[in-house]
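Each reported figure results from applying straightforward, stated rules to the coordinates on display, with no laboratory input. Bear in mind the structure is a predicted one, so any value in this text is a computation, not a measurement. In this analysis, Cβ positions are derived from the backbone assuming ideal geometry, glycine residues included, and neighbour counts consider all displayed protein chains.
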Amino acid sequence: MDNTEEPSTPFGTFTAQSNKLQRQYQALLDQSTPHVLYRWVGTAVALLLFFVRVFVAQGWYIVAYALGIYLLNLFLAFLQPKFDPSNEAMDNDMEDGAIGTLPTRQDEEFRPFIRRLPEFKFWHSATRAVAISFFCSWFEIFNVPVFWPVLVMYWIMLFILTMRKQIQHMIKYRYVPFSLGKTRYNKNSN
């Protein structure tokens, strides 16, 4: 099953080494999967280090802005359901004239909330983005001179408008993307 032959070409050697590194990286990711809190704390520390780097260096604001936009985009994908009820509503309207919403009565079909972007992929993409941003903050080519208060205000306005739209969507189609406050049933051995 395992090929024990040594690669004879430089490309074969490179491919073998890159495959080995990819397997090791995937094993590391697999081991980190159950440790949700520690993963997010690590990402928060990396993000804090990046912001300290930007603050101390007094530059790379455009990199920080791009990171903020990307993280906002990831967060919105994390909040949204995989199967958008507004699209289903349009499909159902065309088929039978009914408006598609989440179930409100016992006799309606239950559809669990499935995220468009799962938590692990959200964490992995966010951590990679922070690492790439931190790496970019060490190169002068990415230090584009901008008036940073404009970027901060623009990002805050963008955040407010997109979150308002997302909350209105959540209210309209009656879904909650978080499990806080939801009933949890324990397995009792009676």
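Things to note:
- Estimated distance in nm for a label pair at PHE113 and ALA131, the labels positioned 7 Å out from Cα along Cα-to-Cβ: 3.0 nm
- Sparsely packed chymotrypsin sites (Phe, Trp or Tyr not before Pro) within segment 121-181, loop by DSSP, other Cβ within 10 Å at most 15: TRP138, PHE139, PHE147, PHE178
- Added length on full extension, which subtracts the Cα-Cα distance from 0.36 nm per residue, TYR175 to PHE142: 7.8 nm
- Beyond 20 Å in Cα-Cα separation lie the following of the pairs LYS121/LYS165; LYS82/LYS172; LYS82/LYS165: LYS121/LYS165.
- Computed from the C-beta positions of GLN168 and LEU49, the FRET efficiency with R₀ = 45 Å rounds to 0.80.
- 13 Å reach of a label modelled at GLN24, 7 Å along Cα-to-Cβ, counting backbone N of segment 133-149: none
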